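Reviewing the structure listed below.
The values are calculated or read from the model by the stated rules, or taken from the named source; none is laboratory data. Just so it is clear, the structure is predicted and the values come from calculations on it, not from any experiment. We place every Cβ from the backbone using ideal geometry, glycine too, and count neighbours over all the protein chains shown. The protein model used for the area step is the full one, side chains on, heavy atoms only, and it has no ligands, DNA or RNA in it. Shrake-Rupley method; radii C 1.70, N 1.55, O 1.52, S 1.80 Å.
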Amino acid sequence: MAGHSQFKNIMHKKGRADKARSKLFSKLAREITVAAKLGMPDPAFNPRLRAAILAAKAENVPKDNIERAIKKSQGGDAESYDEIRYEGYAPAGVAVIVEALTDNRNRTAGEVRAIFTKNGGNLAETGAVSFMFDHVGVVEYDAGVASADAMLEAAIEAGAEDVVSNEDGHQVFTRPDELSDVAKALEAKFGEPRKSALLWKPQTTVSLDDEAGEKVLKLIESLDDNDDVQNVYANFEVSDALVQKMSA
């Protein structure tokens with residue numbers, strides 16, 4: 001287990017204007033509804049729902065919104081969403097994975113393809129880039145919760161695969177099927193995490209200059225802005241200055 005490995009996964013987020021926040025709330029609520037519909041409506045017995053609620057809380061989604069999303073899953077008229085993964089290439093050959101929840105596969109596929117094309121990328125077949133990523137679980141805590149050594153020791157005892165600790169906090173990585181058990185073990189010791197989720201972690205990343213980085217960030221921003229897109233992952237790094245510039 002590597003205690004201090006470096007991992008940067010660029011997931012560009014725009015400034016939280018009212019419109020952007022409303023769209024984000026809608027996506028988080030959709031994930032809660034889907035998670036509750038696929039499993040039990042009680043987060044204590046539904047790891048995916050628990051993760052969705054944690055994600056909503058992290059973005060300050062009101063408690064009423066969360067409860068309403070759960071109730072919506074139990075109604076006979078609840079929408080039915082398909083989970084779809086798209087894979088493709090951004091400019092500079094950057095690999096991109098897009099996760100979507102949609103009630104219309106044809107619409108979403110057309111829109112995602114158009115976004116790639118418009119921004120200098122291209123949509124590929126499923127499996128074309130996912131081999132460059134590891135599908136993992138992650139449990140995150142703020143840096144002040146524990147020292148790096150204490151978190152590493154607890155993660156090892158919980159059965160985790162890897163830990164990254166820095167000034168931004170602690171990231172504990174697990175195998176996908178062990179995320180729930182590891183999260184529960186860590187929560188018993190450190191309290192509720194700020195995040196518990198499955199994600200696509202790039203095995204390696206490519207560093208881009210600002211010109212190429214701006215093109216890739218624009219593509220990711222456009223994908224993230226699509227109503228059906230839930231998550232976007234890519235295997236690149238850019239300067240902090242560029243990220244701040246694009247977020248302004």
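Surface listing: 125, 237 arranged by accessible area from highest to lowest gives 125, 237, probe 1.4 Å. Element breakdown for the chain at a 1.4 angstrom probe: carbon and sulfur atoms account for 49% of the accessible area.
Provide the gained length on full extension for the span residue 240 to residue 45, in nm with one decimal, where the gain is 0.36 nm per separating residue minus the Cα-Cα distance. Numbers along the way, then the final one.
Details: separation 195, 0.36 × 195 = 70.20 nm, distance 3.94 nm.
Stretched fully, the residue 240-residue 45 segment lengthens by 66.3 nm.
Take the chain with all the other protein chains still there, run a 1.4 Å probe, and you get 51 Å² of accessible area per residue. In the chain, Cα pairs under 8 Å separated by at least six residues give a relative contact order of 27 percent.
Quote the Stokes-Einstein diffusion coefficient, in whole µm² s⁻¹, for the range 116-248, based on the Kirkwood radius over alpha carbon pairs, a temperature of 25 °C and a viscosity of 0.890 mPa s. It comes out at roughly 147 µm²/s. Mean-square fluctuations from a GNM of the chain, with a 10 angstrom spring cutoff on Cα atoms, peak among 206, 163, 216 at 206.
A crude spin-label estimate for the pair residue 107 and residue 63, with each label 7 Å from Cα along the Cβ direction, gives 3.4 nm.
First check a/c for the range 63-168, with a ≥ b ≥ c the square roots of the eigenvalues of its C-alpha gyration tensor; if it is under 1.5, answer rounded, and if not, answer prolate when a/b is larger than b/c or oblate otherwise. Please report the intermediate quantities before stating the final value.
Working: a/c = 2.60, a/b = 1.29, b/c = 2.01.
The shape class here is oblate.
The listed residues 32, 70 rank as 70, 32 when sorted by accessible area, largest first, using a 1.4 Å probe.
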